[in-house]
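Engineer: Next up is a structure, given as structure tokens.
The values are calculated or read from the model by the stated rules, or taken from the named source; none is laboratory data. Note that this is a predicted model, so its numbers are computed, not measured. Cβ: placed from backbone, ideal geometry, glycine included. Neighbour counts: every protein chain shown. Side chains included, ligands, DNA and RNA excluded: accessible areas come from the protein's heavy atoms. Shrake-Rupley method; radii C 1.70, N 1.55, O 1.52, S 1.80 Å.
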Amino acid sequence: MIDALLASAGIDEPTFGPSEIDRASGVDDREQLDSYSRAVVSVVEHVGPAVVSIAAGTRPGRAAGVVGAGSGVIFTPDGYVLTNSHVVHEATDLGVTLTDGSTLGATLVGSDPATDLAVVRADGSGLPIAEFGESASLRAGQLVVAIGNPFGFQSTVSAGVISAIGRSLRSATGQLIENVIQSDLALNPGNSGGPLVDTRARVIGVNTAIIRMAQGISFAIPIDTAKRVVSELLACGHVRRAYLGIVGQTRPIDRLVARRHALSETQAVEIIAVEPRGPAAIAGLREGDLVVALNERAVRTVDDMHRMLVGWPFGDELQIGVIRGDRHFDIALVPVEAP
């Protein structure tokens, strides 16, 4: 299986010998181990120099001290570094340490807590870089490598496989991060923000979380999500999202009500607050309204609404399916950019 993975990745490695069962062939099992090792070493040699240690602290005059520490990966020669939002959150003083031990000052370009991603810029040029790959076609069982700085141990390498794809994680803002990659890599505090890499030496994810007290369960934000977020952060320092101006909660719909209005779902989003002069207030939405659809797509939960609003163009009209009392009707709403 390993040789098939390496071949599909385009790595020019010797073909593995037969398995341990086939001793009669005279092929030493160490050939398998050597080929696996060479694949991992090749990835580390290509990507390792671009992996940095990030120290996040506060300047004198505030409650001085370390806010966070983690890892990051340089993706442009002039010092742009991709990392986790929680690594640099609230930091006023950033430093980036390269694999050769040199330390560079750095500034925060932008942070997106909703996806736990951030970009910082190190004060340097001609720096080693890692290339971004794609995460849409990843498969469970695929060989992956993580490089980071757990507990301050610089340039630590872990290798393993993708355990599952399509997981969801709750971010610090409460929003779901979709299509998260689960792996069996041994990660620890300090690995956060470091790259998850495939056998082509392409970054396919950003390591972001572990489950404490568990072994071999770790998660990474997919690089396809990261590329979209990086583009927004470089353009304007934050990720622009459509904003409706409501606070909602998921609640069940009485089955008789669902049947009366020919609803396919038995849950909806109840509006519990409407911001004055916000888009929802201007459109006429009220507290107590049940949102059951966006543009005729059924809405069951608050997460459904967040998911549907990702990438929605500001200023484009959105049809909100609402139940108010015994009435079921649509309200036209024009989202604005979230403040």
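Engineer: Short version: ³J(HN,Hα) in whole Hz for each residue of the stretch 125-142, in order, from phi by Karplus 6.51 cos²θ - 1.76 cosθ + 1.60 (θ = phi - 60°), x for Gly and Pro, what are they?
Structural biologist: 8, x, 7, x, 10, 10, 9, 7, x, 9, 10, 5, 9, 5, 9, 4, x, 6
Engineer: Build a GNM of the chain with springs between Cα atoms under 10 Å: which of VAL247, VAL73, VAL44 gets the top mean-square fluctuation?
Structural biologist: Maximum among the listed residues: VAL247.
Engineer: Which sequence of ASP93, ASP123 reflects their accessible areas, 1.4 Å probe, from the largest down?
Structural biologist: Largest accessible area first, the list is ASP123, ASP93.
Engineer: Over the chain, calculate the relative contact order: mean separation of alpha carbon pairs under 8 Å at least 6 apart, over the residue count, as a percent.
Structural biologist: About 12 percent, as a whole number.
Engineer: Let me have the 222 nm mean residue ellipticity of the chain computed from DSSP H runs of 4+ only, each contributing -39500 (n - 2.57), with the sum over all residues rounded to the nearest 500.
Structural biologist: My calculation for the chain gives -5000 deg cm²/dmol from helical runs alone.
Engineer: The chain: Rg/Rh from Cα coordinates, Kirkwood Rh?
Structural biologist: Using only Cα positions, Rg/Rh for the chain is 1.07.
Engineer: What are the ³J(HN,Hα) values, in whole Hz, obtained from phi via the Karplus relation 6.51 cos²θ - 1.76 cosθ + 1.60 with θ = phi - 60°, for each residue of the stretch 322-339 in sequence order, with x given for Gly and Pro?
Structural biologist: Per residue, the Karplus-derived 3J(HN,Hα) values read 10, 10, 10, x, 9, 9, 10, 8, 9, 10, 7, 10, 10, x, 10, 5, 4, x Hz.
Engineer: If DNA, RNA and ligands are ignored and the probe is 1.4 Å, what is the ranking of PHE75, PHE151, PHE314 by accessible area, most exposed first?
Structural biologist: Heavy-atom accessible area, descending, gives PHE151, PHE314, PHE75.
Engineer: What is the percent carbon and sulfur in the accessible area of the chain, measuring with a 1.4 Å probe over the protein chains and ignoring ligands?
Structural biologist: For the chain, the apolar C and S fraction of the accessible surface comes to 51 percent.
Engineer: Here is a follow-up. Highest mean first, how do 190-196, 258-264 rank when packing is the count of other Cβ atoms within 10 Å averaged over residues?
Structural biologist: Those peptides, ordered most packed to least, come out 190-196, 258-264.
Engineer: Right, another one. So how do 104-114, 302-312 stack up, highest first, on mean other-Cβ count within 10 Å?
Structural biologist: 104-114, 302-312
Engineer: Report the accessible area of HIS46, computed with a 1.4 Å probe over the heavy atoms of all protein chains in place, in Å² rounded to the nearest 10.
Structural biologist: 120 Å²
Engineer: May I pose another question? Shape call for the stretch 73-180 from the C-alpha gyration tensor, a ≥ b ≥ c root eigenvalues: rounded (a/c under 1.5), prolate (a/b greater than b/c) or oblate?
Structural biologist: oblate
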